[in-house]
Amino acid sequence: MHKYRPTQGRLAYLIQVTESEVAKNNEKRVVSALTHDYPFPNRPPWITSARLSTTQEDHCGIDVVVETTDAGEIHLQVKGCHRGREAFILRQAQGKVSTKIIPVIINPAYDARQICKIVIPLLSQTRNKRLGQKRL
């Protein structure tokens, strides 16, 4: 009887597909945490919406677009680990992607509350910076 052994190419492909699905799921969970599943009673009123990026935005390194009432769109790059975040920051330093995109690390095990505890302060910091620049 012949035993099936995946070739290295097939295994690499399956790993890549799995990683891609996990990443896309993390992006969806960030959008959901900022909109439908927001776990805190005092949701920031300046967040009007959050959505997944368009294909064009995705090619520019944007995963999630958060719309605010007064600071425009804030763009997020969702990463699953520190290594991925560091690689993205290096691409920013090299001028390959915009430095205005905020890289965030979201573990697949994080719930909406944990996601918001990571993302909301970063969004708030970016919003405050933009509003401060508008006043100058």
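The phi torsions of the stretch 103-108, fed into the Karplus equation with coefficients 6.51, -1.76 and 1.60 and a -60° offset, translate into couplings of x, 10, 9, 10, 6, x Hz, rounded to whole numbers, with Gly and Pro shown as x. The antiparallel fraction among DSSP beta bridges confined to the chain stands at about 70%.
For the stretch 112-125, 3J(HN,Hα) computed residue by residue from phi via the Karplus equation (6.51, -1.76, 1.60; θ = phi - 60°) reads 4, 5, 5, 4, 5, 5, 8, 7, 4, x, 5, 5, 4, 4 Hz, glycine and proline entered as x.
Give me the percent of accessible area attributable to carbon and sulfur for the stretch 73-136, probe 1.4 angstrom. With neighbouring chains kept in place, the figure for the stretch 73-136 is 51 percent. Charge dipole of the chain (Cα centre as origin; +1 on each Lys and Arg Cβ, -1 on each Asp and Glu Cβ, all else neutral): 320 debye, rounded to the nearest 20. Divide by every residue of the chain the summed helix terms, -39500 (n - 2.57) for each DSSP H run of at least 4, and state the resulting mean residue ellipticity at 222 nm, rounded to the nearest 500 deg cm²/dmol. The helix contribution divided over the chain gives -17000 deg cm²/dmol. Residues whose amide H falls under 5 Å from that of Trp46, counting only those 5 or more places apart or on a different chain, are absent, with hydrogens built in the peptide plane. Between the residues Asn25, Gln94, Thr126, the greatest Cα displacement towards the positive end of the dipole of the chain, with unit charges on the Cβ of Lys, Arg, Asp and Glu, is found for Gln94. Rounded to whole numbers, the Karplus 3J(HN,Hα) couplings from phi for the stretch 71-77 are 10, x, 7, 10, 9, 10, 10 Hz, using 6.51 cos²θ - 1.76 cosθ + 1.60 with θ = phi - 60°, and x at Gly and Pro. Using modelled backbone amide H atoms (1.01 Å from N, in-plane), which distant-in-sequence or interchain residues come within less than 5 Å of Val97's amide H? Residues meeting the criterion, in which the H sits 1.01 Å from N, are Gln92. Database remark: amide H of Glu73 closer than 5 angstrom to the amide H of Thr68 (H placed geometrically; neighbours at sequence offset of 5 or more, or on other chains; Pro and chain starts carry no H).
Using a simple spin-label model with pseudo-atoms 7 Å out from Cα toward Cβ, Gln16 and Asp70 lie 4.7 nm apart. Comparing mean-square fluctuations of Arg29, Arg51, Arg91 from a GNM of the chain with C-alpha springs under 10 Å, the top value falls on Arg91. Taking Ala93, Ala112, Ala12 in turn, the Gaussian network model of the chain (Cα-Cα springs below 10 Å) assigns the largest fluctuation to Ala12. Using the 1.4 Å probe convention, the accessible area of the chain works out to 66 Å² per residue with neighbouring protein chains retained.
Show Glu73, Glu27 ordered by accessible area, largest first, where the area counts protein heavy atoms only and the probe is 1.4 Å.
Numbers: Glu73 70, Glu27 15 Å².
Greatest to least solvent exposure: Glu73, Glu27.
Tally Lys/Arg at +1 and Asp/Glu at -1 over every other residue whose Cβ is under 14 Å from the Cβ of Ile115; what's the total? Walk me through the numbers on the way to the answer.
Details: positive: Lys28, Arg29, Arg43, Lys79, Arg113, Lys117; negative: Glu27, Asp37, Asp63, Asp111.
Residues near Ile115 contribute +2 overall.
The values are calculated or read from the model by the stated rules, or taken from the named source; none is laboratory data. Since the structure is predicted, the reported quantities are computational estimates derived from the model, not experimental observations. Note that each Cβ is placed from the backbone with ideal geometry, even for glycine, and that neighbours are counted across all protein chains shown. Only protein heavy atoms, including side chains, enter the accessible area calculation; ligands, DNA and RNA are left aside. Shrake-Rupley method; radii C 1.70, N 1.55, O 1.52, S 1.80 Å.
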